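Asker: Here you go, one structure.
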Amino acid sequence: MQVKVRFTGMIRHYTGEKEKIYDMPEGAGLSDLLLMIGKEYGFRLPHNMWDGENERFHPSIRATRRGAPLAEDDQEPLNEGDEIYIHSRMAGG
């Protein structure tokens, strides 16, 4: 199944991507998607966004689907055609 990820804010800055389509296996969840994103872009992200040792995003990195926030441990599977927004609650100054 294909899921579109839209990167916003600082995540967009560090990944250098506005959006990307990911091919996910049926039944995959948000944690699977986030791990895939982290492994692909983690080397570009600062340590306060991606913990490469534990392969996890910092809690300030959020995902939303259909305008509703998603928790990384959300058990609801992703669906064909989902659009997931990844953004950071951090702001520069």
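Asker: Identify the residues of region 70-88 with backbone N under 19 Å of a label point that sits 7 angstrom from the Cα of Q2 along the Cα-to-Cβ direction, or state none.
Answerer: Inside the label zone: 78-86.
Asker: Extension gain H13-D32, at 0.36 nm per residue separation less the Cα-Cα distance, in nm?
Answerer: Taking 0.36 nm per residue and subtracting the Cα distance, the gain is 4.6 nm.
Asker: For region 24-92, run through the trypsin sites (Lys or Arg not before Pro) and keep only the ones in DSSP coil with at most 15 other Cβ atoms within 10 Å of their Cβ.
Answerer: R66, R89
Asker: Something else about it: Using alpha carbon coordinates only, what is the Rg to Rh ratio of the chain, with Rh defined as the Kirkwood radius?
Answerer: That ratio equals 0.93.
Read the figures in this text as sums done on the coordinates, not as results from a lab. Keep in mind that what you see is a predicted model, and the values were worked out from it rather than measured. As a convention, Cβ positions derive from the backbone with ideal geometry for all residues, glycine included, and neighbour counts pool all protein chains shown.
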